[in-house]
Each structure stands twice: as structure tokens, then as C-alpha cells.
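What follows is one structure encoded as C-alpha cells, with my remarks underneath.
The values are calculated or read from the model by the stated rules, or taken from the named source; none is laboratory data. None of these values were measured; they are calculated from a predicted model. Methodologically, a virtual Cβ is constructed for each residue, glycine included, from the backbone with ideal geometry; neighbour enumeration extends over all protein chains shown. We work out accessible area using only protein heavy atoms, side chains counted, and drop any ligands, DNA or RNA first. Shrake-Rupley method; radii C 1.70, N 1.55, O 1.52, S 1.80 Å.
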Amino acid sequence: MSQAADMKSPSQRVFLWSVPRSLSTILLKCLSYVRNFNLQVINEPYVSVHYYGPEKKLKNNNVEDMFQSVFTQAGTSVTNYNAYDDALSTYQWVKELLEGEYMGKDMVICKDHGYNLNGLYHMLPKGYKHTFLIRHPQKTFPSLKKITESVCSVDFMQLEQKDFPEPMHHGYQKLFELMEYVIDSEEPHPIIIDADDLQKYPESIVKQYCQAIGIPFSPSLLSWESGPDVMDTWITSKQVKGNNHLSDGGFYSAAFNSTSFHPPNKMLDRSEVPKMLLPVIDDSLPYYEKMYQLRIKP
């Protein structure tokens, strides 16, 4: 059989939906080291649409000014053939990107945050199995505050609640609503992973996830190389890639430096959480708890 005849489009396509700071990049890095399996990763295409593309939803001038100089520096500093121009990033263009043929690949897996879709469910690509990764909001929001202040050199304490970046307002609600849409229209029982379970019981959770989506599992998946090189195989935009590499201290730095899953950090006591974060934690908690009840268990 000729090489051309042997080439085929991927038989499996998977979405991993989450909120920021949920360990989704570490999970994606883990899966990227699967052996004897041609996996194509597409990383956060809707982030590019939401924040940088022609249809961007970031209209709050305070927040936009806070991020823009960092994002621009990041985007112009990246030159890689798998980093596409954010000017291309519209919902229709991303739909076509995700529905591409990807000849010779066994699977396409895409990671993104549910809020970046902005409820435009009709723009979801066809043929994808939707999965979800959640983490307790009392962990995600302090982490988001810390990393944003570090990368963007901004003091969150000086922001009013109305000026919080989008995931602070609606991240969990929109993830939950996306899950409900998936349940009602496509998959009655979508796979949901909790980040603490993933860290406490990585072999059990990764094995169940791999079996559910069709990736061959082996214990070798539970450790991997330190560094960002694996991202060069991912399809992503210049701004997303640059922002996460920025000065070796971008949003993905912990994931890039990781070599395995570590036990979860202790959750801050409520009295230790900055007061400004308590309203968004309280608003998010009911959505998280409903999804938590549906998660796969170790």
C-alpha cells in the first residue's frame, strides 16, 4: 500500500474544557508524550479569538490596557511554524481549523476555556467528544490572581470587581452551561475530571481518561521531560504561545517545568483568601459542586 493511501484523517477528536488554573496544560503535556500514537494538539484557539482576534470580547479598557503591552510583546517575540497569526482568529476560522483533516493523525485533542466560546454553541466543530476538567474555585482564583500579578505586573487589589478579567466573573458558570449543552445535545454522560483527584491518583484518573477518549495508556505517561519543547508540536496562536513563554515566567511556567503530577497543595482557609476574591468564589462554587458530583472517581 502506498504511503498516500495509508494516510487517513483522525478517527477521534476530543475537547478538554476547563477554567484557568485547573492544571489543564499539565494534563495536555502528559498526553503529548503518548507512545506509538499520532496525537495532534490544538491549544486554546478560542483564547485567541476572545482576547486578540478581530471578534475579541475584551472591551473593558482597564483590563485591556493591563494586558495589551505584555501580550503584544509576547506575540511579536515568537516565530514558530506552528504559531499562527491572531488576526486570523474568528469563531468561523477556528471551527474550520478544528474540523481540518490532519491526515496521518490518530487523534486531534483541543484544550480551551469554556467562557471563551461565549455561548456560541453553533460554532462548535463537528465530530468532537467533549470532556471537562474542574478545580475548586478556592484554589483557582487565588492562583489566577497570583500568576496575573506576576506576568502582567498588576496589583489585583487596585482593580474593582467590575474590572476583573472574564474568568473571574463567569468562568465556572459558562463551563457548567457548556456541559449542560453537551449533555442535552450530544453526550448524556461526559467525562469530568477533578484536578485534586488527578494529582492524588494520577494513574487511576489518567488511565480512565485515556480509555474514555481512546488514547493507549501506559505507566510511562505519568512522567515526562521538563521544559517547553513539547509545545512546538502544538498548534496555537502567536499571542497565546508568546504569552505563556514570556521571559520563562508566563502562565504555563509551572506546567513546562513539571515532570509528573504532584500531590495537591493545601487549599487556603477562607480567612486567608483575599476578600476581593470571595464574591467570585461564592458565585462559582455551586457550578463547581454540581460538576464535581458527576466526575469520574479514582
| said: For the list (1) assigned to a helix (DSSP H, G or I); (2) open to solvent by 10 Å² or more (accessible area, probe 1.4 Å); (3) modelled with pLDDT under 95, I need the number of the one condition that residue 56 fails. | reply: (1)
| message | Just to check your reading of the model, which residue among 266, 238, 275 is surrounded by fewer than 20 Cβ atoms within 10 Å (Cβ to Cβ) and at pLDDT below 90? | response | 275
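Filtering the stretch 244-260 down to residues that are in a loop (DSSP other than H, G, I, E, B) and more than 14 Å from the chain's Cα centre (by Cα), which residue is modelled with the lowest pLDDT?
My answer is 249.
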| message | Given the criteria within 25 Å of residue 26 (Cα to Cα), buried (at least 18 other Cβ atoms within 10 Å of the Cβ) and modelled with pLDDT under 95, does residue 80 qualify? | response | no
| said: For the list (1) more than 20 Å from residue 287 (Cα to Cα); (2) at pLDDT 70 or above; (3) in a helix (DSSP H, G or I), I need the number of the one condition that residue 142 fails. | reply: (1)
| Matching residues in the stretch 250-275 - criterion: being in contact (Cβ under 8 Å) with a residue 12 or more places away in the chain and of a type in the set (Gly, Ala, Ser) | 250, 254, 255, 258, 260
| Restricting attention to the stretch 92-139, and to residues there that are at pLDDT 95 or above and among the polar types (S, T, N, Q), which single residue is surrounded by the fewest Cβ atoms within 10 Å (Cβ to Cβ)? | 92
| Would you pick out the residues in the stretch 217-231 that are touching a residue at least 24 places away in the same chain (Cβ under 8 Å) and open to solvent by less than 60 Å² (accessible area, probe 1.4 Å)? | 218, 220, 221, 222, 224, 227, 228, 230, 231
| List pairs: first in the stretch 276-298 and among the small types (Gly, Ala, Ser), second open to solvent by 30 Å² or more (accessible area, probe 1.4 Å), Cβ under 8 Å, 6+ apart or cross-chain? | 284/173
| note | Of the residues in the stretch 218-234, those that are farther than 21 Å from residue 44 by Cα and in a helix (DSSP H, G or I) number 4
| request: For residue 212, work out the one condition from (1) surrounded by 12 or more Cβ atoms within 10 Å (Cβ to Cβ); (2) closer than 30 Å to residue 52 by Cβ it doesn't fulfil. | output: (2)
| Taking into account only those residues within the stretch 177-195 that are in a helix (DSSP H, G or I) and crowded, with 20+ Cβ neighbours inside 10 Å, which is farthest from the chain's Cα centre (by Cα)? | 182
| query | Can you name the residue in the stretch 28-46 that is hydrophobic (A, V, I, L, M, F, W, C) and open to solvent by less than 10 Å² (accessible area, probe 1.4 Å) and, of all such residues, is nearest to residue 119 (Cα to Cα)? | reply | 42
| If you go through the stretch 170-193 one residue at a time, how many are over 17 Å from residue 140 (Cα atoms) and among the small types (Gly, Ala, Ser)? | 1
